[in-house]
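Q: Here it is, the structure in full.
The values are calculated or read from the model by the stated rules, or taken from the named source; none is laboratory data. This one's a predicted model, so the numbers in the text were calculated from it and none came from an experiment. Every residue, glycine as well, gets a Cβ built from its backbone with ideal geometry; the counts of neighbours run over all protein chains shown. These accessible areas exclude ligands, DNA and RNA; they are computed on the full protein's heavy atoms, side chains included. Shrake-Rupley method; radii C 1.70, N 1.55, O 1.52, S 1.80 Å.
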Amino acid sequence: MLRRLILAPIFVLLVAIPSCQSYSSGLQQSVTRADETAAIGALRTIVTAQRSYGITSGEYGTFQQLTDAGLLDARFGGNNPVKDYVLTLQVTPKAAGAQEGSYSCNADPAQPETRSGRHFYIDSTSGQIHVNDAQPATVTDKTLN
């Protein structure tokens, strides 16, 4: 009887520990997916802003130009417009004789060594979001559905 009283709490602890770890892991995955959703939303907003800016100015714009034009909100004028993601926008002005310039934008986890998260990429050619699970995404990576 005494043996059962001692073993019962140990058994309960052994069952409870993995479920707590599973719960914590699920919470972390939820946070990561929420951050990814915010990054994807920001990239879609950038595509729309770049199209509008291109129509009115004939060029693609930097974050500052897009913000000044009222096409992006003020958070894009700062260093970290999306929580836990770094957005890097490259704008190439149109060359002499070319019809238009180009742009590309990467959204990468801010601290990839400590946080999980996918990497995203857009450009002026397709406007589609490309995704890579392990490293900064490029135009050759699969597109997000």
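Q: Measuring from label point to label point, each 7 Å out along Cα→Cβ, what is the R44 to T143 span in nm?
A: 1.5
Q: For region 80-142, what is the accessible area per residue in Å², given a 1.4 Å probe and the full set of protein chains? Numbers along the way, then the final one.
A: Values: 3520 Å² over 63 residues.
Counting only protein heavy atoms, the per-residue value for region 80-142 is 56 Å².
Q: Now a separate question. Can you classify region 58-134 as rounded, prolate or oblate using the Cα gyration tensor, where a ≥ b ≥ c are the square roots of its eigenvalues, rounded means a/c under 1.5, and otherwise it's prolate if a/b beats b/c and oblate if not?
A: Working: a/c = 2.90, a/b = 1.50, b/c = 1.93.
It is oblate, given that a/c is not under 1.5 and a/b is not larger than b/c.
Q: 7 Å from Cα along Cα→Cβ at both T62 and T125: what's the point-to-point distance in nm?
A: 2.5
Q: Using the Cα centre of region 91-145 as the reference point, and only Cβ charges (+1 on K/R, -1 on D/E), how large is the resulting charge dipole? Debye, rounded to the nearest 20. Provide the component values of the computation, followed by the final result.
A: Details: 4 positive and 6 negative charges, 13 e Å.
So the dipole magnitude of region 91-145 works out to roughly 60 debye.
Q: Moving on. First measure r as the distance between the Cβ atoms of T37 and A134, then evaluate 1/(1 + (r/R0)^6) with R0 = 22 Å and state the FRET efficiency to the nearest 0.05. Don't skip to the end; give the middle numbers.
A: Details: r = 20 Å, r/R0 = 0.89.
According to the calculation, E is roughly 0.65.
Q: Next up: Tell me the carbon and sulfur percent of the accessible area for region 55-145, rounded to whole percent, probe radius 1.4 Å. Don't jump to the answer; show the numbers that get you there.
A: Working: 2550 of 5360 Å².
Taking all protein chains in place, region 55-145 shows 48 percent carbon and sulfur surface.
Q: Continuing with this model, one more query. What FRET efficiency comes out for Q90 versus I55 if R0 is 25 angstrom and r is the Cβ-Cβ distance? Round to the nearest 0.05. Intermediate results must be reported in sequence, preceding the final value.
A: On the way: r = 20 Å, r/R0 = 0.82.
FRET efficiency, Q90 to I55: 0.75.
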